[in-house]
Amino acid sequence: MQTNTPETFGDADHHDIPGLFSAADAPEPGSRAVPSVQRVLEAEGCNVILFRFRDGQALKEHKAAWPITVQCLEGELQFGWKGREVTLRPGSILYLPKMEPHWVAANTDAVLALQMHTT
């Protein structure tokens, strides 16, 4: 099972106002079976990664080396961990401790923000 670190997602794409981003900052959807992804913030104690999913795209079970919070910014996503499954809609936020296996699947076109807490 893959374990992701902030470096998994490449260098942060810097913005005019550091630390301010929205669903509009998520990368354009690609043609691959997995969502497009871009790290948008690399800061002390936190990295923010934005994923743009097309309807039906998914991330198979994996884990993060640090605690994470995920927030649905657009669309609708299924999120699973520890035999549980929830539907994330805009405004939904979920916390997971480090090394917790989880997966994500898009029910619609969607944008997911992931915050990796590195301290």
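The values are calculated or read from the model by the stated rules, or taken from the named source; none is laboratory data. No experiment lies behind these values; they were computed from the predicted model shown. Note: ideal-geometry Cβ built from the backbone for every residue, glycine included; neighbour counts use all protein chains shown.
Some values worked out for this structure:
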quantity: Identity of the residue in segment 68-93, in contact with a Phe, Trp or Tyr (Cβ under 6 Å, 6 or more places away or on another chain) and touching a residue at least 12 places away in the same chain (Cβ under 8 Å), that ends up nearest to Leu114 (Cα to Cα); calculated: Thr69
quantity: Unmet requirement for Cys72, which otherwise passes all of (1) modelled with pLDDT of 95 or more; (2) touching a helix residue (DSSP H, G or I) at 6+ places or on another chain (Cβ under 7 Å); calculated: (2)
quantity: Residue within segment 95-109 that is of a type in the set (Ser, Thr, Tyr) and either crowded, with 18+ Cβ neighbours inside 10 Å or within 26 Å of Pro18 (Cβ to Cβ) (or both) present; calculated: yes
quantity: Within segment 91-109, tally of residues that are part of a loop (DSSP other than H, G, I, E, B) and closer than 18 Å to Asn4 by Cβ; calculated: 5
quantity: Single residue of segment 79-94 satisfying the filter (in contact with a strand residue (DSSP E or B) (Cβ under 9 Å, 6 or more places away or on another chain) and loosely packed, with under 13 Cβ neighbours inside 10 Å) that is nearest to Glu42 (Cα to Cα); calculated: Ile93
quantity: Cβ-Cβ under 6 Å pairs, at least 6 apart or on other chains, segment 97-111 side within 15 Å of Glu76 (Cβ to Cβ) and at pLDDT 95 or above, far side of a type in the set (Phe, Trp, Tyr) and buried (at least 18 other Cβ atoms within 10 Å of the Cβ); calculated: Val104/Phe79; Ala106/Phe53; Ala110/Phe53
quantity: Residue in segment 55-78 that is loosely packed, with under 14 Cβ neighbours inside 10 Å, among the basic types (Lys, Arg) and over 14 Å from the mean Cα position of the chain (by Cα) present; calculated: no
quantity: Positions within segment 1-29 being at pLDDT 80 or above, of a type in the set (Gly, Ala, Ser) and surrounded by 15 or more Cβ atoms within 10 Å (Cβ to Cβ), in sequence order; calculated: Ala23, Ala26
quantity: Leading residue by the ranking (farthest from Pro27 (Cα to Cα)) among those in segment 41-90 that are in a strand (DSSP E or B) and of a type in the set (Phe, Trp, Tyr); calculated: Trp81
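Every residue, every condition in (1) loosely packed, with under 15 Cβ neighbours inside 10 Å; (2) at pLDDT 90 or above; (3) farther than 23 Å from Leu88 by Cα, yes or no:
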position	(1), (2), (3)
Ser31	yes, no, yes
Glu42	no, no, yes
Gly45	yes, yes, yes
Phe53	no, yes, no
